[in-house]
Amino acid sequence: MSHANAALTPRARLRLARLIVDQGWPVARAAERYDVSWPTAKRWADRYAVMGQAGMGDRSSRPHRSPNRTPQPVVRKIVHLRWKQRLGPVAIADQVGVAASTVHAVLVRCRLNRLSHVDRVSGEPVRRYEHPYPGALLHVDVKKLGNVPDGGGWRYVGRKQGLKNRDATPNKPRNPWYHAKLGTAFVHTVLDDHSRVAYAEIHDDETAATAASVLRRAVAWFAARGVLVERVLSDNGSAYRSHLWRDTCAELGITPKRTRPYRPQTNGKIERFHRTMADGWAFKKFYSSEDTRRKALPAWIHQYNHHRPHTAIGKATPISRLTNLSGQYT
């Protein structure tokens, strides 16, 4: 293999071979000229004579045959135990009857040596996809969060004080035990598959009418930035199975798509965004009321889109991908 200090790089090999084959130099003289051994010069000259310039590159050192390679039935059993039971090399080796090092080599070859390569729920290899340009696919989903009582929630003030704050929050209905029912904040999120740019609104319900109106505003928001939406992917929630959602998508010229039931991996980008949103906004700091937390969401969305590096897109910001490809962002 050629390297920085190699006597013969592919270009030097070609010059050496041409001296011998094309110009008729003796092999020993050409080898002395390039400070290599006689067999080395002869090898490159013979390869040039047969393959020409294309033969000057390095060949793989992999053998043509591997008679002692692990049989395929054993490989399949190793892969099955890794997928379905998440066993390590030692445990798999004990069940299969081969060395742990052999199991590890098989897992490396099959790209299963790290459990992060396998989906922890389904036990299948992780299949990552990304649409080629902004607007090709939007992910939509709803994140449900319990409303924050006046005075702060239990995560920061403790359960005892949190219950007191909940009961002291005015203008709230009561349950049979006379505790205040604070309700739920429904964060309707729209995420672009290619750029990871996010759009979010908070509402008090997740009805079809609310979901459809959020989609309209999100499509207009992306259109103002030069992005034409083609498809929208949702789960199988009632709002997304409604006739209103279907008619709204048809009116906007969008093809609606739905995931398979109980398969959140399909729209995992927005599922991961919700986790990031919960850590970075919803539960990051103390909020004295639900109104305070809701007012903080636009600033966090702006920080996420414009300033937070995203590891899945080369540590660039989501808006940079939207800017580079659409060229119309303002």
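Would you check if there is a residue in segment 158-170 being under 24 Å from the mean Cα position of the chain (by Cα) and either at positive phi or in contact (Cβ under 8 Å) with a residue 12 or more places away in the chain (or both)?
No, that holds for no residue.
Among all residue pairs at least 6 apart or on different chains, which show Cβ distances below 8 Å where the first residue, located in segment 21-38, is in the same structural domain as Val50 (by TED's automatic domain parsing) and the second is outside any helix (DSSP H, G or I)?
Ala31/Ser37; Arg33/Trp25; Tyr34/Ala7; Tyr34/Leu8; Asp35/Ala7; Val36/Ala7; Val36/Leu8
Among what's in segment 270-308 and is within 18 Å of the chain's Cα centre (by Cα) and touching a residue at least 40 places away in the same chain (Cβ under 8 Å), pick the residue that is nearest to Gly152 (Cα to Cα).
Only one residue tops the list, namely Met277.
Can you list residue pairs whose Cβ atoms sit under 6 Å apart, with the first residue in segment 74-90 being under 14 Å from Thr102 (Cβ atoms) and the second being of a type in the set (Gly, Ala, Ser)? Count only pairs 6 or more apart in sequence or on different chains.
Here the result reads Pro89/Ala100; Val90/Ala100, each pair linking segment 74-90 to a residue that is of a type in the set (Gly, Ala, Ser).
Of the residues that sit in segment 254-287 and are more than 16 Å from Arg241 (Cβ to Cβ) and of a type in the set (Phe, Trp, Tyr), which one is surrounded by the fewest Cβ atoms within 10 Å (Cβ to Cβ)?
Checking each candidate, the answer is Phe286.
Determine if segment 40-49 includes at least one residue that is surrounded by fewer than 11 Cβ atoms within 10 Å (Cβ to Cβ) and without any contact (Cβ under 8 Å) to a residue 60 or more places away in the chain.
no
The values are calculated or read from the model by the stated rules, or taken from the named source; none is laboratory data. Here the structure is a predicted model, which means the values were calculated and not measured. Positions of Cβ are generated from backbone atoms using ideal geometry, with glycine treated the same way; all protein chains shown enter the neighbour counts.
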